[in-house]
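What follows is one structure encoded as structure tokens, with my remarks underneath.
The values are calculated or read from the model by the stated rules, or taken from the named source; none is laboratory data. Just so we're clear, the structure is a prediction, and the values are computed from it rather than from any experiment. Glycine gets a Cβ as well: all are built from the backbone with ideal geometry, and neighbour counts include every protein chain shown.
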Amino acid sequence: MKLISWNIDSLNAALTSDSSRAQLSRAVLQTLTDYDADVIAIQETKLSAKGPTKKHLTILNEFFPDYEVAWRSSVEPARKSYAGTMFLYKKSYQPTVTYPEIGAPGTMDQEGRITTLEFEDCFVTQVYTPNSGNKLDRLADRQVWDQQYLAYLQSLDQQKPVITSGDFNCAHHEIDLAHPDRNHHSAGFTDEERADFTELLAGGFTDSFRAVHGDVKDVYSWWAQRVKTSKTNNSGWRIDYYLVSDRIKDQIVRSEMIDSGVRQDHTPIYLEINL
């Protein structure tokens, strides 16, 4: 099974804008077509509550003509055109699609952050984990989210093996970002978030990238848009992951970042696993 996950930071902009950034995003989508993935997970779609328009679906079909689409958008009382997730999966599959709510604080459950596909042999789910905020004003809620999300994954894992991907908004260890010394109080690298991620892995899941590559350095999945030299200097963070149930970790074949060229922000990640 071949899988791709990508925080696209606005599917609408990527598909319909003429900006230079949108052109870079479409170039990445073209790159993804070469992988012939079975499942493509997309986070931060930022679509309306009505989901993709006919125009969006037409353009997606031009890139991925052999795929079905499942989506979940942010709905009231949550913010409009915020967060959101989408799956593209090959038409040869017929998974059961669910849009779980996990008992998260505030409007987090209404922000379209989790979508799950149930296949015969496994669950494939994705997550766009809430950011704790520049002033960490959402950190306490984020910690509740982390606890509830772990419980959700474990409930799936009791039924069949799980593959989960997405933007987890956490660099787990110092090796997972370029400048750990200056970021211990930054969202995504607080002691609390890192401890929660440790607990997530201890709960029965394996970080597929580290399982394959060990303690390789200087490999990241996100570079700040606002810092023009972040990518050229490789001043990045690894906050996007493919995690798998421990019992299928030995079946991982490849786990890596996909080259997104000069485009900053998130880069897609790739998993190949024998099931």
Of all residues in the stretch 73-92 being part of a loop (DSSP other than H, G, I, E, B) and touching a strand residue (DSSP E or B) at 6+ places or on another chain (Cβ under 8 Å), the one that is nearest to Asn61 (Cα to Cα): Lys91
When residues of the stretch 83-123 are limited to those that are small (Gly, Ala, Ser) and without any contact (Cβ under 8 Å) to a residue 40 or more places away in the chain, the one farthest from Phe168 (Cα to Cα): Ser92
Hey, Tyr220 among the hydroxyl-bearing types (Ser, Thr, Tyr), in contact with a strand residue (DSSP E or B) (Cβ under 9 Å, 6 or more places away or on another chain), at pLDDT 95 or above and assigned to a loop (DSSP other than H, G, I, E, B) or not: yes
Test: Tyr152 is assigned to a loop (DSSP other than H, G, I, E, B), hydroxyl-bearing (Ser, Thr, Tyr) and farther than 26 Å from Asp265 by Cα: no
Residues being of a type in the set (Gly, Ala, Ser) and without any contact (Cβ under 8 Å) to a residue 40 or more places away in the chain - total across the stretch 209-232: 2
Among (1) closer than 26 Å to Pro105 by Cβ; (2) surrounded by fewer than 22 Cβ atoms within 10 Å (Cβ to Cβ); (3) β-branched (Val, Ile, Thr), the one test that Val216 misses: (1)
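Residues checked against (1) buried (at least 23 other Cβ atoms within 10 Å of the Cβ); (2) at pLDDT below 95; (3) within 24 Å of Thr129 (Cα to Cα); (4) of a type in the set (Lys, Arg):
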{"residue": "Gln23", "(1), (2), (3), (4)": "no, no, no, no"}
{"residue": "Tyr35", "(1), (2), (3), (4)": "no, no, no, no"}
{"residue": "Leu47", "(1), (2), (3), (4)": "yes, no, yes, no"}
{"residue": "Lys91", "(1), (2), (3), (4)": "no, no, no, yes"}
{"residue": "Thr98", "(1), (2), (3), (4)": "no, no, yes, no"}
{"residue": "Glu101", "(1), (2), (3), (4)": "no, no, yes, no"}
Members of the stretch 40-55 that are more than 22 Å from Ile269 (Cβ to Cβ) and either outside any loop (DSSP other than H, G, I, E, B) or within 16 Å of the chain's Cα centre (by Cα) (or both): Lys54, Lys55
Whichever residue in the stretch 231-245 is surrounded by fewer than 17 Cβ atoms within 10 Å (Cβ to Cβ) and either more than 14 Å from His179 (Cα to Cα) or small (Gly, Ala, Ser) (or both) and, among such residues, is nearest to the chain's Cα centre (by Cα): Ser235
Filtered residue count, the stretch 133-149, keeping only those that are part of a loop (DSSP other than H, G, I, E, B) and within 18 Å of Gly103 (Cβ to Cβ): 1
Residue match in the stretch 121-144 (condition: farther than 18 Å from Asp246 by Cα, buried (at least 24 other Cβ atoms within 10 Å of the Cβ) and touching a Pro at 6+ places or on another chain (Cβ under 6 Å)): yes
Qualifying residue in the stretch 192-204 (condition: touching a Phe, Trp or Tyr at 6+ places or on another chain (Cβ under 6 Å) and assigned to a loop (DSSP other than H, G, I, E, B)): no
The stretch 16-35, residues that are under 23 Å from Asp66 (Cα atoms) and among the basic types (Lys, Arg): Arg26
